[in-house]
1. Multiplying the sequence separation of residue 178 and residue 5 by 0.36 nm and subtracting their Cα-Cα distance, what value in nm do you get?
2. Among residues other than residue 5 whose Cβ falls under 13 Å from its Cβ, what is the net charge (Lys/Arg +1, Asp/Glu -1)?
3. Collect residues whose amide H, placed 1.01 Å from N in the peptide plane, falls under 5 Å from the amide H of residue 59; neighbours closer than 5 in sequence don't count.
4. Tell me the net charge near residue 19. Cut-off is 12 Å between Cβ atoms, residue 19 excluded, with +1 for each Lys or Arg and -1 for each Asp or Glu.
5. Test of understanding: what is the full-extension gain from residue 45 to residue 142, defined as 0.36 nm times their sequence separation minus their Cα-Cα distance?
6. Which of these values of Rg and Dmax of the Cα atoms in Å was calculated from the structure shown: (1) 22.1, 82; (2) 15.1, 47; (3) 15.6, 51?
7. Rounded to the nearest 500, what is the 222 nm mean residue ellipticity of the chain from helices alone, with -39500 (n - 2.57) per DSSP H run of 4+ residues and division by all residues?
Amino acid sequence: MREVDLGKSRKARVWLDSLPPIGCVGETREIMVLPAAGKSNLRRLAAVEVYVPLGGRFQYGLVGCQVVPSQAGQLRVVIAVDESSSKVFDTSLLSSSLDVSYVGLPKEYIPALKEGFRLAEEQLGGTGAGDLVITQSVYSNIGSSPNTFKILAIVLMHLIHLVTVNPTNEEIVALFEDAWI
């Protein structure tokens, strides 16, 4: 895990080839299919967490995935939905004095995640083939929003497609800057 300063008190954590210690979430699945462009050499595990203060409010969220490459000619994105969890993610970037971080993903964030993955696929000019399974997610009642999860999907997609094995902090910061649309 790497903690990255995004400037202006914004913070992110990035897991490359590992996942945060929160376990898997959700049994209900939403699936979307994206076209794949060529051979797959996707990173197998990745997660991203972000905390962005915005004056009197903030944005927060975490999304992690496992990728199983294939030669299927498509990228199947499988999103686990879990709205019933009361499990708290104690080690989040979010201060407990602001809000509580819950393990799981409410269904109202699904369209935003799908939009983020679609936008990232356009930005990348195609994806590697395989199954990208969202196995981990964390949200907060106050700080999470559809826009936050759209951005997380964009950054996560770029992370799993990074050619660089060990990206610099500057390269990671650039992914967030490019995603903040």
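Nothing in this text is a laboratory measurement; each read-out follows from the coordinates by a stated rule. Fair warning: this is a prediction, and the values are worked out from it, not measured in the lab. As a convention, Cβ positions derive from the backbone with ideal geometry for all residues, glycine included, and neighbour counts pool all protein chains shown.
1. The residue 178-residue 5 span can extend by a further 60.7 nm.
2. Taking every other residue near residue 5 into account, the sum is +2.
3. It is 52, 54, by chain and number.
4. Counting the neighbours of residue 19, the net charge comes to +1.
5. 32.1 nm
6. Read-out from the structure maps to (2).
7. -7500 deg cm²/dmol
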